[in-house]
Amino acid sequence: PHLAALVLARGGSKGIPLKNIKLLAGVPLIGWVLRAAVDAGVFHSIWVSTDHDEIEKVAKQFGAQVHRRSPEVSQDSSTSLEAITEFLNHHDEVDIVGNIQATSPCLHPSDLIKVADLIQKEGFDSVFSVVRRHQFRWSEVKKGENKMTEPQNLNPAKRYRRQDWPGELYENGSFYFAKRHLIEKGYLQGGKMAYYEMRAEHSVDIDIDIDWPIAEQRVLSFGYFGKEPLKEVKLLVCSIDGCLTNGRIYVTEDHKEMVSYDYRDIVGIDLLKKRGIQVRLISDRDCSKTLSAMQLGCVAKVSVTNKLQVLKDWQEDMGLSWKEVAYLGNEESDVECLKQAGMSGVPADACAAAQKAAGYICKSRGGCGAVREFAEHIFLLLEKVNSARKQ
């Protein structure tokens, strides 16, 4: 049977404008679940249903096909079932739909593989994700009602300790798999049903803006970053103009050049060095005098015509794998380096080609703290590497 992954991502959002492609830990929100779906290897096709051009571009960038949904199922009042039914009406080849929520960025391929087995090999008609919670519930007393609240799942005289109570299962909204015949009857859950219990740390659902900073920390700690295991970064190569500086060159009356930089970026470089990470600088133009004045104490290569070749030379000289190399760039001349490096980033004002090639897009602009921000991103991922080693 043809199993299709389907992510519903319309352009309108009451809470956060274009939430589905807003950057979360440097990756568009929808990119996290699409990466997991692609790497799971269990889907015959992967689709994004959208009504927005920018979402379509991001979806294709992460390996999905796009179904352009109609205005009738793109309203605030439109239901997921309506959008899924419309998709099936246009795709007769699909037998099973795995509706994956774009707002669940900690989804892992291993979860999707196990769910595919439940519905394809064990004969379930529908499977949905749940998370176990240890929360005591009480009945609601509406304002003006003259009555007491009542316990719903506990005896107050004998409260359970957490370790003595298995808790309860709640839908976490991460995914809903269902066979075509069930959806055509108007159900996403029905027939022979099964739930799939996800780990609590993977149950992240972004609904309101206040959740965003918390979700970024959760994703950096528990998100899925690709098939290959992360390695500890040993080298950061940073483009000078547009990353370390803002790219502007000021010329005095006596023809001397001046550039500006952010002291936070200098602190970021120092912190990287203290963690044992080498920092090297690269530039298309001859800015040796500027570097000498900044006194950064970093190996630098200027007047470079082929940045990728310099990067390869440094990587080989240090005996590093590409997973141990990070690169921060901002121009088209940096694109191949960004693609090659195991960890790549760009400032917020980088060119479109560089942004597309990068794994992380900073909130900060070049020369305004982008190096420090990317350094913090590297430190968070190093914590993830160290945590995996301990496990």
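The values are calculated or read from the model by the stated rules, or taken from the named source; none is laboratory data. Predicted model, so just to flag it, every value in this text is computed and none were measured. Methodologically, a virtual Cβ is constructed for each residue, glycine included, from the backbone with ideal geometry; neighbour enumeration extends over all protein chains shown. Each accessible area value is taken on the protein alone, full model and side chains, heavy atoms only, with ligands, DNA and RNA left out. Shrake-Rupley method; radii C 1.70, N 1.55, O 1.52, S 1.80 Å.
Here are the numbers for the structure shown:
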| quantity | calculated |
| --- | --- |
| Cα convex hull of segment 239-293, projected area averaged across orientations, nm² | 4.1 nm² |
| Surface accessible to a 1.4 Å probe, His2 within the full protein complex, Å² | 40 Å² |
| Candidate aspartates and glutamates - alpha carbon under 17 Å from Lys121, same-chain residues fewer than 8 apart omitted | Asp95, Asp111 |
| Cross-link pairs Lys323/Lys363; Lys19/Lys363; Lys301/Lys384; Lys57/Lys339; Lys19/Lys273 - those with Cα-Cα distance over 25 Å | Lys301/Lys384; Lys19/Lys273 |
| Surface accessible to a 1.4 Å probe, per residue, for the residues of the chain, Å² | 51 Å² |
| At R0 = 22 Å, FRET efficiency that the Cβ-Cβ distance of Arg248 and Ser292 yields, to 0.05 | 0.70 |
| Computed over the chain: relative contact order in percent, which uses C-alpha pairs under 8 Å that are six or more apart | 15 percent |
| Inter-part distance where segment 333-368 and segment 36-64 are each reduced to a Cα centre, Å | 22 Å |
| Distance between segment 304-319 and segment 117-196 - C-alpha centres, whole angstrom | 54 Å |
| Gain in span if fully extended, Lys363 to Val310, counting 0.36 nm per residue against the direct Cα distance | 16.3 nm |
| Cα point-scatterer Debye curve for segment 307-356, base-10 log of I(q)/I(0) at q = 0.24 Å⁻¹ | -0.81 |
| Cα pair distances exceeding 39 angstrom across the chain, given as percent | 31 percent |
| Contour minus Cα-Cα distance for Glu145 and Arg280 (0.36 nm per residue) | 41.7 nm |
| Largest to smallest accessible area among Ser303, Ser174, Ser321 [probe 1.4 Å] | Ser303, Ser321, Ser174 |
| Efficiency of FRET between Leu271 and Ala353 - r from beta-carbon atoms, R0 22 angstrom, step 0.05 | 0.15 |
| Extension gain, Ile16 back to Asp164 (0.36 nm per residue minus Cα-Cα distance, nm) | 49.3 nm |
| Whether segment 1-86 is rounded, prolate or oblate, judged on the alpha carbon gyration tensor where a/c under 1.5 counts as rounded | oblate |
| Cβ-based charge dipole, segment 235-389, positive-most Cα from Thr252, Leu235, Val299 | Leu235 |
| Value of relative contact order over segment 290-341, rounded to a whole percent, pairs C-alpha under 8 Å and six or more apart | 33 percent |
| Cα-centre dipole for the chain with unit charges at Cβ (Lys and Arg positive, Asp and Glu negative), debye to 20 | 1280 debye |
| Prolate/oblate/rounded call for segment 280-382, Cα gyration tensor, a/c under 1.5 rounded | rounded |
| Computed over segment 3-222: relative contact order in percent, which uses C-alpha pairs under 8 Å that are six or more apart | 24 percent |
| Of all accessible heavy-atom area on the chain, the percent that carbon and sulfur account for (1.4 Å) | 48 percent |
